[in-house]
1. With the structure loaded, tell me whether residue 49 is in contact (Cβ under 8 Å) with a residue 40 or more places away in the chain, assigned to a loop (DSSP other than H, G, I, E, B), closer than 30 Å to residue 421 by Cβ and out of contact with any helix residue (DSSP H, G or I) (no Cβ under 9 Å at 6 or more places or on another chain) or whether it fails that test.
2. Which one is nearest to residue 106 (Cα to Cα) among residues in region 221-241 that are in contact with a strand residue (DSSP E or B) (Cβ under 7 Å, 6 or more places away or on another chain) and more than 16 Å from the ligand (Cβ to nearest atom)?
3. Could you tell me whether residue 143 is in contact (Cβ under 8 Å) with a residue 40 or more places away in the chain, within 10 Å of the ligand (Cβ to nearest atom) and surrounded by fewer than 22 Cβ atoms within 10 Å (Cβ to Cβ)?
4. Please go through region 62-80 and give me each residue that is in a helix (DSSP H, G or I) and either within 13 Å of residue 45 (Cα to Cα) or touching a strand residue (DSSP E or B) at 6+ places or on another chain (Cβ under 9 Å) (or both), ordered by number.
5. Which residues, counting only those in region 437-460, are in contact with a strand residue (DSSP E or B) (Cβ under 7 Å, 6 or more places away or on another chain) and over 30 Å from residue 135 (Cβ atoms)?
6. Condition first: surrounded by fewer than 21 Cβ atoms within 10 Å (Cβ to Cβ), over 17 Å from residue 444 (Cα atoms) and touching a residue at least 40 places away in the same chain (Cβ under 8 Å). Now tell me which residues in region 126-140 satisfy that.
7. Just give me the residues in region 423-455 being surrounded by 14 or more Cβ atoms within 10 Å (Cβ to Cβ), more than 17 Å from residue 363 (Cα to Cα) and in contact with a helix residue (DSSP H, G or I) (Cβ under 7 Å, 6 or more places away or on another chain), in sequence order.
Ligand code: SAM
């Protein structure tokens, strides 16, 4: 059999041992077209597409890869482009998590799992999305902002620093950096970087990450572990290591047979494997673990009060930018006004003393003299009170110009800040000064590509 994907021979030998008779089917599937899938943001846009991903309520397959860059709703956070297998974590959350929780997504950039988690938890729960690599943490913050949930914080820390927040989180997600064998058909680089030594290094790093983060999980708390690689070392062997060294219990997650998910290779240890010849998605490994011991309630809060100083100085005019403003705490941080759910404000202050926060809740905007400049985070927030702004609906061409950060001319509009919408979804603000409107779209988020399609792109 001839294959286009050039697999490292050692990798092929190992996979042949793992898959037996299925090996040829596995390799053949690597030469097939990549499935394309998205997950809708139900807080912003509700629709149904034709092919649902069976293990994720808002997940859909598309029949081709469109030019997402030129769909304004993509930039407005109405959906996230995510490969299907990794949406399976929804099953674990739905089957085991209920009520108000604090959840950490440790290795979160660019934000696929975090945006899914943000949609699954209730509004009084807290999501901390962390990414250790600074440049990737910025991309994560951008995607989290676009998703629009107020109960989220983005941090940029090493797992060992987060481990110092003892017994703080009810759920920790470790989507570990791995050797990426499941990405071979998507990413040629993953093939050239593959080696047995790298598999070994990845396994050691994963164990270090897990040991470092373990103290921050409450007793009885859940740890969701996943990789996008196939080998036993980074998967089942790490699960067994967590069971034996950390005392974790491995939990089953219900999955329907017709989903084509394969079981773990370790007898008696539940885990969920996605192979491209069996499931419509990329290679993926998932296991759910519970930390042993009785749940303990710690009272290790450090008193700060640092940020609380300017807490209530903002006038009602600006607070009313947020729907349900009575449920939010408003405070000033580095010149900008923020809103954060009041029920979670103590937790935010606690995190602040340990971690490096990149973004938190909703940034409303800042004063320049008497002028209050609204922030993009407000425009894209799910709790934006649209009624307090003059809104201006734009067509596709104008939406693309706006997202390219070009100056616009608006017909018959009052001077001042105007919220642009596309298909009724907020895109961002402009400041209308009469003969033109200054574009407030964040410079670093703008569409850079100049290959603008002739035809409008519409995906959902
Ligand atoms: N969860 C993400 C998603 O769904 O979009 C994908 C995460 S990716 C598989 C793994 C992430 O771990 C990368 O963003 C990488 O920068 C980060 N990472 C690399 N080394 C790390 C370390 N030592 N500790 C924690 N995270 C690390």
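The values are calculated or read from the model by the stated rules, or taken from the named source; none is laboratory data. The shown structure was predicted, so the numbers you read here are calculated from the model rather than taken from an experiment. Reconstructed Cβ throughout: ideal geometry from the backbone, glycine too, with neighbour counts over all protein chains shown.
1. Numbers: in contact (Cβ under 8 Å) with a residue 40 or more places away in the chain: yes; assigned to a loop (DSSP other than H, G, I, E, B): yes; closer than 30 Å to residue 421 by Cβ: yes; out of contact with any helix residue (DSSP H, G or I) (no Cβ under 9 Å at 6 or more places or on another chain): yes.
Judged against the criteria, residue 49 is a match.
2. Among them, the one singled out is 222.
3. Details: in contact (Cβ under 8 Å) with a residue 40 or more places away in the chain: yes; within 10 Å of the ligand (Cβ to nearest atom): yes; surrounded by fewer than 22 Cβ atoms within 10 Å (Cβ to Cβ): yes.
Yes, satisfied.
4. First, pick out the residues of region 62-80 that are in a helix (DSSP H, G or I): 68-70, 72-75.
Hits for region 62-80 are 68, 72, 73, 74, 75.
5. Within region 437-460, 437 is the sole residue that qualifies.
6. The first filter runs over region 126-140 and keeps only residues surrounded by fewer than 21 Cβ atoms within 10 Å (Cβ to Cβ), leaving 132-136, 138-139.
Of the ones still in play, those that are also over 17 Å from residue 444 (Cα atoms) are 132-133.
Residues satisfying the conditions do not exist here.
7. Matches in region 423-455: 423, 425, 439, 446, 447, 452.
Okay, residues lined up against (1) within 28 Å of the chain's Cα centre (by Cα); (2) under 22 Å from residue 448 (Cβ atoms); (3) part of a loop (DSSP other than H, G, I, E, B); (4) modelled with pLDDT of 95 or more:
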residue	(1), (2), (3), (4)
365	yes, no, no, yes
373	yes, no, no, yes
381	yes, no, yes, yes
391	no, no, no, yes
397	no, yes, no, yes
400	yes, yes, no, yes
405	yes, yes, yes, yes
412	no, no, yes, no
